[in-house]
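Q: Structure provided below as structure tokens; questions to follow.
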Amino acid sequence: MADLPDETITIILELQRRLVQLINQAGATELSVFEIFGETEATASVL
């Protein structure tokens, strides 16, 4: 198996970090929307 250049590894790790941040932000946004419209865990499963 070939070794990846350091620059490629750096880019991959930066993209991974950004993806994790976006997933976290999406989850927080979803929770905020649920709270605004009065959804609960019980009603969210029906959606």
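The values are calculated or read from the model by the stated rules, or taken from the named source; none is laboratory data. Bear in mind the structure is a predicted one, so any value in this text is a computation, not a measurement. Every residue, glycine as well, gets a Cβ built from its backbone with ideal geometry; the counts of neighbours run over all protein chains shown. Areas reflect the complete protein model, heavy atoms only, side chains present, ligands, DNA and RNA absent. Shrake-Rupley method; radii C 1.70, N 1.55, O 1.52, S 1.80 Å.
Q: Here are some values of Cα Rg over 2.2 N^0.38 Å: (1) 1.90; (2) 1.20; (3) 1.10. Which one was computed from this structure?
A: (1)
Q: Angle check, please: helix 6-36 long axis (alpha carbons) against the longest principal axis of the chain (alpha carbons), in degrees 0 to 90, nearest 10.
A: The two axes meet at around 0 degrees.
Q: Also, quick follow-up: Testing the spin-label approximation: label points 7 Å from Cα along Cα→Cβ at Glu30 and Leu4. State their distance in nm.
A: Placing both labels 7 Å along Cα→Cβ, they lie 2.6 nm apart.
Q: Give the accessible surface of the chain per residue, rounded to a whole number of Å², with probe radius 1.4 Å and ligands, DNA and RNA excluded.
A: On a per-residue basis, 96 Å².
Q: Something else now. Could you work out what % of the accessible surface of the chain is carbon and sulfur, using a 1.4 angstrom probe and leaving DNA, RNA and ligands out of the count?
A: Exposed carbon and sulfur together represent 63 percent of the surface.
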